[in-house]
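The values are calculated or read from the model by the stated rules, or taken from the named source; none is laboratory data. Note that the structure is a prediction, hence the values are computed from the model and not measured. Reconstructed Cβ throughout: ideal geometry from the backbone, glycine too, with neighbour counts over all protein chains shown. Surface accessibility is based on the protein's heavy atoms, side chains included, excluding ligands, DNA and RNA. Shrake-Rupley method; radii C 1.70, N 1.55, O 1.52, S 1.80 Å.
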Amino acid sequence: MTSLPKYLLFKYLRFDKSQPFITLSAVLAFLGVSIGLMVLIVAMAIMNGFDKEFERKLFTMNYPITIMSTFKADIDDTLTSQLKEKFPELNFSPFISSQVIYRGSNSLEGGILFGVNSADEKQINSIVNEGLKEKELNGYDILIGKGIKDQFRLNENDKITLIFTKADPGGFSLIPKMKRFDVASSFESGLVAYDKAYAYTSAEALRKILEYPDGIYDGVHVYSLKPFNDIKRIQEALPVGLKAIGWWQQNGNFFSALALEKRALFIVLMLIILVASLNIVSSLLMTVMNRRQEIALLLALGASKNEIKKSFFYQGLVIGGGGIVFGLILGLFGIWLLGNFNIINLPADVYGSSKLPMELSLFDFGMIIVGAIIIVAISSYYPAKKATQIDVLQTLRNE
């Protein structure tokens, strides 16, 4: 025997020629929830894709963990060898860094020069490894970014002049110091900020220019697949005066801003579903108002208020739930379409990739589904409750 809520559900969902606007309102509610959910899924996938893409780029060029010294001459070959022995699963690359000015025929450009052991650096930096390939940085060879290469129109084996600054013995002025380097190759990180600023040379060459003692470095770059776990172990193994810094700490403000934008976008787009769900409220309320006589009669014949409430609540769930399912299908199809076909082309020098990154996390997906279900359930509950508050005697007397 068919239950009363189920019977009323199918009865009220059918198209009523005498009241077409009720059906139209229900269809609009269905489409509104579907489109809102689709937009939210695609937008969160794009936002999360950009977040992960920038994270991958920054992870490579900023290094997972960097060991820095408060005082100079604290980091040397001996310390690096000890770390390599204690943490054989990690890769270490000691470095020297200096701010420089790249000098061309008609222009100057500021940047940072790293003095590294190229064999160690290629193990932890895939961008440097792709740029050098089989080459090694010896003597005054230099690996420059694509931005510098294009700006100064340089080719391999060309020479580029770098300007360094050195304090005079009295410490009251800075003396410029120039050195010419041989361009060994170039790299392209995908982020113009690094391609126009970063360059790599041999540690021996930069040590001579900056007049460092033999075997002394400014810091050590560390490659780890689990930097959040390894940073504490490394810090405990370091002597006093040295500090291990994670890439997320060096770029904390940037990722905090991305997280805030992502959260704000989620809230704003969830409001689209909330607005669409108002059509569910209006559709059910119109059904209740037009079916008052039937509802009053059913209540007079012994139907419980709970059965009446269930019938309208289920009707809202069917409209909203159907919209959620259809919106999921549209959203996942949109992600597949935008992720596999170059429908939207991006300027690579601005966004780091010419392809629209699409990556929807399970957490975001779950939050979207839960949020949509809660909104639909609340939108369905209010009209269902109003249906049980009909005055039976007054309604039957007047209608």
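Could you work out which residue, out of 175, 329, 368, moves most in a Gaussian network model of the chain, that is, has the largest mean-square fluctuation with Cα springs under 10 Å?
Fluctuation is largest for 175.
Pairs of Cα atoms under 8 Å, at least six residues apart: use those to get the relative contact order of the chain, whole percent.
Dividing the mean separation by the residue count of the chain yields 29 percent.
Given a 10 angstrom Cα cut-off, can you work out which residue in 206, 238, 31 is the most mobile in a GNM of the chain?
238
What do you reckon, how do 180, 103, 153 stack up by accessible area (1.4 Å probe), largest on top?
Of 180, 103, 153, the descending order of accessible area is 153, 180, 103.
For each pair in 84/232; 52/159; 86/122; 86/146, compute the distance between the two Cα atoms and list the pairs where it is over 27 Å.
52/159; 86/146
So what is the orientation-averaged projected area of the range 30-135, using the convex hull of its C-alpha atoms, in nm²?
Value for the range 30-135: 13.1 nm².
What is the angle, in °, between the Cα long axis of helix 77-86 and the longest principal axis of the Cα atoms in the chain? Nearest 10 is fine, range 0 to 90.
40
What accessible surface, in Å², does a 1.4 Å probe find on residue 243, ignoring ligands, DNA and RNA and rounding to the nearest 10?
About 120 Å², ignoring ligands and nucleic acids.
Kindly work out what percent of the DSSP beta bridges joining two residues of the range 99-240 are antiparallel, to the nearest 5.
Roughly 65 percent of the DSSP beta bridges within the range 99-240 come out antiparallel.
Which listed residue (96, 313, 37) has the Cα farthest towards the positive end of the charge dipole for the chain, taking +1 on Lys and Arg C-beta and -1 on Asp and Glu C-beta about the Cα centre?
313
Quick one: pull the percent of accessible area on the range 182-248 belonging to carbon and sulfur, 1.4 Å probe, ligands and nucleic acids left out.
Here it works out to 54 percent.
At 1.4 Å probe radius, can you tell me the per residue accessible area of the chain in Å²?
So the chain comes to 53 Å² accessible per residue, rounded to a whole number.
Rounded to the nearest 500, what is the 222 nm mean residue ellipticity of the chain from helices alone, with -39500 (n - 2.57) per DSSP H run of 4+ residues and division by all residues?
-19000 deg cm²/dmol
Of all the accessible heavy-atom surface of the range 46-115, with the other protein chains kept in place and a 1.4 Å probe, what percent is carbon and sulfur?
The value for the range 46-115 is 50 percent carbon and sulfur by accessible area.
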